[in-house]
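Have a look at the structure below before the remarks.
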Amino acid sequence: MKINENTLLEGHRVLLVPYNEEHVPRYHEWMKSPELQQLTASEPLSLQQEYDMQKSWREDNDKCTFIILDKQRWVDPGVDEEQCMVGDVNIFLTDPSDPFLAELEVMIAEPSYRGRGIGKEVTRMMMSYGITKLGVKKFQAKIGLDNQVSISMFKKLQFQEASVCNVFKEATLELMVDDSVRTKLQEDVAYMKERDYKQTCSSRHELVRQ
């Protein structure tokens with residue numbers, strides 16, 4: 001989705017940046033993991049297929065993707081951005097008959113970053129972006145039944161279990177965006193800043209002083 005091709009979202013501990021070509025090799029290494037393949041219901045791709053996927057996700061109008069970066073590492077201009085990658089977060093507009101419905105998917109790929117509340121911060125940031133920029137009015141999250149950590153996180157964010165598919169071993173959780181949800185989310189991510197990605201990249205260290 002081109003809407004976020006030059007957007008950087010700054011949180012407390014993370015930055016959300018567009019999924020660019022230079023991120024693909026690290027992403028490809030992540031997706032060799034059988035654990036991540038299972039958690040994301042993904043099939044392993046070749047490196048070239050991963051580059052093709054990155055390009056299509058940038059162009060497609062029904063997918064909005066950000067790469068999650070460790071903010072503290074990224075502000076050091078001596079560290080390559082690829083080495084700051086933590087995971088990714090996506091919004092999929094999966095139903096042409098309902099443009100206000102969005103499927104939300106979060107992957108914390110680096111094991112050392114799990115269990116630290118980063119997934120919750122990223123999810124709130126992405127929900128806020130989806131509501132304000134894409135007009136989302138209903139969120140869905142489809143999660144494997146064996147991924148109880150993610151199910152618990154979404155329930156803490158007020159998502160409700162809508163259905164369980166035992167065939168695919170998957171739960172669908174939903175959240176309707178009403179005024180109370182919108183207000184609470186605005187309060188929770190009041191710290192979030194939207195910046196020009198390319199401009200901010202040229203002066204990374206400046207974030208430390210802001």
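For the chain, the relative contact order comes to 22 percent (Cα pairs under 8 Å, sequence separation of at least 6). Here segment 2-192 was treated as a single set of alpha-carbon atoms; its pair distances binned every 10 Å from 0 give 9, 37, 40, 14, 1 percent. When the pairs 32/193; 2/156; 142/198; 63/169 are compared against a 29 Å limit on Cα-Cα distance, 32/193; 2/156; 142/198 fall above it.
For segment 108-139 and segment 141-189, compute the distance between their C-alpha centroids and round to whole Å. So the separation of the two Cα centres works out to 11 Å. Fully extending the segment from residue 201 to residue 156, taken as 0.36 nm per residue of separation minus the present Cα-Cα distance, adds 12.8 nm.
Placing a pseudo-label 7 Å from each Cα along the Cα-to-Cβ vector at residue 191 and residue 13 gives an inter-label distance of 1.0 nm. Here the calculated FRET efficiency for residue 112 and residue 170, from their Cβ-Cβ distance with R0 = 22 Å, stands at 0.25, rounded to the nearest 0.05. Counting only DSSP beta bridges whose two residues both lie in segment 2-192, roughly 90 percent are antiparallel.
Against the criterion of solvent-accessible heavy-atom surface with a 1.4 angstrom probe, 120, 198 sort, most first, into 198, 120. Packing-based ranking of 7-14, 33-40 yields 7-14, 33-40, ordered from highest to lowest mean Cβ neighbour count within 10 Å. Taking only the Cα atoms of segment 84-172, the ratio Rg/Rh comes out at 0.96, with Rh defined as the Kirkwood radius.
Using a probe of 1.4 Å, the accessible surface attributed to residue 65 totals some 10 Å² when neighbouring protein chains are kept in position. The helix-based estimate of mean residue ellipticity at 222 nm for the chain, built from -39,500 (n - 2.57) per DSSP H run of four or more residues and divided by its residue count, is -9500 deg cm²/dmol to the nearest 500.
The values are calculated or read from the model by the stated rules, or taken from the named source; none is laboratory data. Bear in mind that the values here come from a model prediction, so they are computed numbers and not experimental data. All Cβ positions, glycine included, derive from the backbone under ideal geometry; neighbour counts span all protein chains shown. Please note that ligands, DNA and RNA were not included when accessible areas were found on the heavy atoms of the full protein model with its side chains. Shrake-Rupley method; radii C 1.70, N 1.55, O 1.52, S 1.80 Å.
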